[in-house]
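Input: a single structure, listed below in structure tokens.
The values are calculated or read from the model by the stated rules, or taken from the named source; none is laboratory data. Source: prediction; values computed, not measured. Neighbour counts are summed over all protein chains in view; Cβ atoms, including those assigned to glycine, are modelled from backbone coordinates with ideal geometry. With ligands, DNA and RNA removed, areas are computed over all heavy atoms of the protein, side chains included. Shrake-Rupley method; radii C 1.70, N 1.55, O 1.52, S 1.80 Å.
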Amino acid sequence: MSVFEVTHGSSPVILAFPHTGTDVPPDIWDRLNDNGKLLADTDWHIHELYAGLLPDATTVRATFHRYVIDANRDPSGNSLYPGQNTTDLVPRTDFDGQAIWKQGEEPTTADIRIALMDFHAPYHDALRAEIERVKAEHGIAVLYDCHSIRSHVPFLFDGKLPDFNIGTDMGRTCDPAIEAAVRDVAADADNYTSILNGRFKGGWTTRHYGTPQAGIHAIQMELAQSTHLRSEAPPFTYDTAKAERLRVHLKTILTKIEAIAFELKNKGTRR
């Protein structure tokens, strides 16, 4: 099983997809209970949603499911949101707090160590290599981390999630111009809601790689799945009409990010 898929682009923008994969090795699949086998916490169809919006962008996509190991969690196992409900590096429950493993088949410390080595590390090695390649070519790299989640998940947050959830770890992971451009496009999008650094402030990927002072910028976009799915319940069908309306705004976001990256590159060259 291939752990990741990479397409090499010439843009300074990199799109990362850590949670769209649905591959689960047979030995792990057999240990999941019926609830776990729904794979309900997948970022359904997100790579399809973004396909072709920025044709020259590099993409790095994990093909394994987050129940194998979560590619957007700190490999140390430390929580990104201390004191709040979340799921682990290798989740024991789904986003509703319900068990996903058969009784007595839960992941062990040895299982987690193997998953880190076989899945988490190779994905991030590939992502890091693309960041380094793009930065070497342009002097700057912008990592846009693509996510989605159900709009109602009481275990994780109260009420209804906004449509666009932008995370920059309170402005630490990217240049202010990038943050402002994404915020403004989302805020101006008719019939959509948005928030900057709300419940989702950027996952481990954004926080780990986002070092603006070194020319590497990172921003996370967590979309409510109601924006592009027919239903947020199985079979999680892609709604083409909804998606096309959303893609207009996502394209504007990516195009503006790319333009800002070139501006920042040119400012750096003139120094």
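In this structure, D145 does satisfy being surrounded by 13 or more Cβ atoms within 10 Å (Cβ to Cβ) and either in a loop (DSSP other than H, G, I, E, B) or within 16 Å of the chain's Cα centre (by Cα) (or both).
Quick check: is even one residue across the range 246-263 surrounded by 18 or more Cβ atoms within 10 Å (Cβ to Cβ), under 19 Å from I149 (Cα atoms) and touching a Cys at 6+ places or on another chain (Cβ under 8 Å)? Scanning the range 246-263 turns up no residue that is surrounded by 18 or more Cβ atoms within 10 Å (Cβ to Cβ), under 19 Å from I149 (Cα atoms) and touching a Cys at 6+ places or on another chain (Cβ under 8 Å). Contact annotation: residue pairs with Cβ atoms under 8 Å, 6 or more positions apart or on different chains, pairing a residue in the range 239-261 that is in contact (Cβ under 8 Å) with a residue 24 or more places away in the chain and within 18 Å of D56 (Cα to Cα) with a partner that is part of a helix (DSSP H, G or I) and open to solvent by 30 Å² or more (accessible area, probe 1.4 Å), are I260/A177. Within the range 227-271, being over 19 Å from L54 (Cβ atoms) and among the hydrophobic types (A, V, I, L, M, F, W, C) holds for L229, A233, F236, A241. Taking first residues from the range 3-30 that are more than 19 Å from A141 (Cβ to Cβ) and partners that are acidic (D, E), the Cβ contacts under 8 Å between residues at least 6 apart in sequence or on separate chains come to V3/D118; H19/D41; H19/D43; H19/D70; T20/D43. Among the residues of this structure, D41 counts as one that is assigned to a loop (DSSP other than H, G, I, E, B) and surrounded by 14 or more Cβ atoms within 10 Å (Cβ to Cβ). Of the residues that make up the range 121-129, is at least one under 20 Å from the mean Cα position of the chain (by Cα) and not in a helix (DSSP H, G or I)? Scanning the range 121-129, I find no residue that is under 20 Å from the mean Cα position of the chain (by Cα) and not in a helix (DSSP H, G or I), so the answer is no. Residue count for the range 111-148 satisfying the condition of being among the β-branched types (V, I, T) and over 20 Å from D23 (Cβ atoms): 4.
Among the residues of the range 58-89 satisfying the criterion of being of a type in the set (A, V, I, L, M) and open to solvent by 10 Å² or more (accessible area, probe 1.4 Å), which is nearest to F236 (Cα to Cα)?
Looking only at the range 58-89, we keep the residues that are of a type in the set (A, V, I, L, M), and these are 60, 62, 68-69, 71, 80, 89.
Filter once more, so that each one left must be open to solvent by 10 Å² or more (accessible area, probe 1.4 Å): 80, 89.
Numbers: L80: 27, L89: 24 Å.
Ranking the candidates gives L89 first.
The set of residues in the range 200-238 being within 20 Å of A40 (Cα to Cα), in contact (Cβ under 8 Å) with a residue 12 or more places away in the chain and of a type in the set (S, T, Y) consists of S226, T227, Y238. When V60, V68, V90 are checked against the criterion of being part of a strand (DSSP E or B) and either without any contact (Cβ under 8 Å) to a residue 12 or more places away in the chain or aliphatic (A, V, I, L, M) (or both), a single residue qualifies: V60. Which residues, counting only those in the range 114-142, are closer than 29 Å to D56 by Cβ, surrounded by 14 or more Cβ atoms within 10 Å (Cβ to Cβ) and among the aliphatic types (A, V, I, L, M)? Answer for the range 114-142, where residues must be closer than 29 Å to D56 by Cβ, surrounded by 14 or more Cβ atoms within 10 Å (Cβ to Cβ) and among the aliphatic types (A, V, I, L, M): A121, A126, L127, I131, V134, I140, A141, V142.
For the range 23-34, taking the residues that are in contact with a strand residue (DSSP E or B) (Cβ under 7 Å, 6 or more places away or on another chain) and open to solvent by 40 Å² or more (accessible area, probe 1.4 Å), the one that is nearest to W101 (Cα to Cα) is identified as R31.
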